[in-house]
Amino acid sequence: MALGLPSILPNPQPAIGELVRDRQPTFSFEFMPPKTEQGELQLWQAIRELEPLQPSFVSITYGAGGTTRDTTVAVTERVATETTLLPMAHLTAVNHSVAELRHVIGRLAGAGVRNVLAVRGDPPGDPTGEWVRHPDGIDYAEDLVRLVRRSGDFSVGVAAFPYRHPRSPDIATDTEYFVRKCRAGAEFAITQMFFDADEYLRLRDRVAAAGCDTPILAGVMPVIRIGTIERSVQLSGAPFPPALAAQFERVADDPEAVRRLGIEQASEMCQRLLDEGVPGIHFITFNRSTATREIWQNLRVGAST
């Protein structure tokens, strides 16, 4: 398939694939494109409040079925041009032709955005529904990785699943799919959210056993309300750890106690991951800064003692 000349990025930004291979762990934040005017205000408040922490990079997600494509690109462009932050754009293949994907990639290149997280994405409406390829689209995340890499000097990341992807029949197959994405050109990976450090460590070990040394960043989302537990199961496709769920159940009637426990649990898990040599931690913020800043402070205090 003829793709034309690769995009030449103006003043190319640092490559996340290089940052995560540094000896120091990266810290990064994930934001979602706003759907309302109030949501936009909340997003930019969170960005400005987290910017002084000087994260290694920030990412902007992509709505199911490409529903926030233009907003994702616009927010990523604005982060690149109006803040001191290094942005990474998410890109999914759902409901997009190759021509549309190349258009999005070209817009990102035009804004100087070098870093892309390439994920196939879930069907819109029902993440567990049947995957239907766009007639002129692509089938797999590894195909999207190749498309982005052929389109210019991009640093490409992919998703990793500590439990396993809901569509993978077993752990071995899931590991094989992940390694194929890396060999297609992915330079780093970010996990789906998880709540037990051992799940990450098992993922890291089985990928290494498969002969793959791609750095895998840990995706972390603190439980700050009871509803977060159910939502996390829907978003990650992984069961919430029963022992941890029991701890939250004991304080379920006290929202402040739930929040304190969530911050404490996430802080302890992050510290263990750092002690185990994780190359980076990627905080899923849901466009709010307070919980992330508290965990960050706990880790900073721990690092200074």
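The values are calculated or read from the model by the stated rules, or taken from the named source; none is laboratory data. Treat the numbers as computed from the prediction; the structure is a model and nothing was measured. Please note: Cβ atoms are built from the backbone with ideal geometry, for glycine as well, and neighbour counts cover all protein chains shown. Side chains included, ligands, DNA and RNA excluded: accessible areas come from the protein's heavy atoms. Shrake-Rupley method; radii C 1.70, N 1.55, O 1.52, S 1.80 Å.
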Quiz item: Does any residue in the stretch 266-278 that is among the acidic types (Asp, Glu) come within less than 9 Å, Cβ to Cβ, of a residue that is open to solvent by 10 Å² or more (accessible area, probe 1.4 Å) six or more places away or on a different chain, and which pairs are these?
Solution: Glu268/Asn298; Glu276/Leu201; Glu276/Arg204
Quiz item: Can you name every residue in the stretch 74-85 that is within 22 Å of Ile190 (Cα to Cα), open to solvent by 20 Å² or more (accessible area, probe 1.4 Å) and of a type in the set (A, V, I, L, M)?
Solution: Ala80
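Give the residue, chosen from Ile224, Ile216, Ile171, that is touching a residue at least 60 places away in the same chain (Cβ under 8 Å) and either over 30 Å from Val258 (Cα atoms) or in contact with a Leu (Cβ under 9 Å, 6 or more places away or on another chain) (or both).
Values: Ile224 fails: either over 30 Å from Val258 (Cα atoms) or in contact with a Leu (Cβ under 9 Å, 6 or more places away or on another chain) (or both); Ile171 fails: touching a residue at least 60 places away in the same chain (Cβ under 8 Å).
Checking each option against the conditions leaves just Ile216.
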Exercise. Please tell me if Arg260 is surrounded by fewer than 18 Cβ atoms within 10 Å (Cβ to Cβ) and part of a helix (DSSP H, G or I).
Key: yes
Quiz item: Quick one: which of Leu261, Leu299, Leu203 is touching a residue at least 24 places away in the same chain (Cβ under 8 Å) and within 26 Å of Ile171 (Cβ to Cβ)?
Solution: Leu203
Quiz item: Just checking, which of Ser151, Ser155 is closer than 25 Å to Phe27 by Cβ and not aliphatic (A, V, I, L, M)?
Solution: Ser155
Quiz item: Is one or more of the residues making up the stretch 130-144 touching a residue at least 60 places away in the same chain (Cβ under 8 Å), assigned to a loop (DSSP other than H, G, I, E, B), touching a Pro at 6+ places or on another chain (Cβ under 8 Å) and not small (Gly, Ala, Ser)?
Solution: no
Quiz item: For Gln247, which of the numbered conditions (1) open to solvent by less than 60 Å² (accessible area, probe 1.4 Å); (2) more than 29 Å from Ile16 (Cα to Cα); (3) assigned to a helix (DSSP H, G or I) fails to hold?
Solution: (1)
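Within the stretch 94-113, identify whether any single residue is within 19 Å of Phe286 (Cα to Cα) and among the hydroxyl-bearing types (Ser, Thr, Tyr), and answer yes or no.
Applying the first criterion (within 19 Å of Phe286 (Cα to Cα)) to the stretch 94-113 yields none.
No - not one qualifying residue is present in the stretch 94-113.
Conditions (1) open to solvent by less than 80 Å² (accessible area, probe 1.4 Å); (2) at pLDDT below 95; (3) under 15 Å from Ile216 (Cα atoms); (4) touching a Lys or Arg at 6+ places or on another chain (Cβ under 9 Å), marked per residue:
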| site | (1), (2), (3), (4) |
| --- | --- |
| Ile8 | no, yes, no, no |
| Met32 | yes, yes, no, no |
| Lys35 | no, yes, no, no |
| Gly39 | yes, yes, no, no |
| Glu49 | yes, yes, no, yes |
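One line per residue, one yes/no per condition, for (1) open to solvent by 10 Å² or more (accessible area, probe 1.4 Å); (2) in contact with an Asp or Glu (Cβ under 8 Å, 6 or more places away or on another chain):
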{"position": "Ala209", "(1), (2)": "yes, no"}
{"position": "Asp213", "(1), (2)": "yes, no"}
{"position": "Val223", "(1), (2)": "no, no"}
{"position": "Ile226", "(1), (2)": "yes, no"}
{"position": "Pro241", "(1), (2)": "yes, yes"}
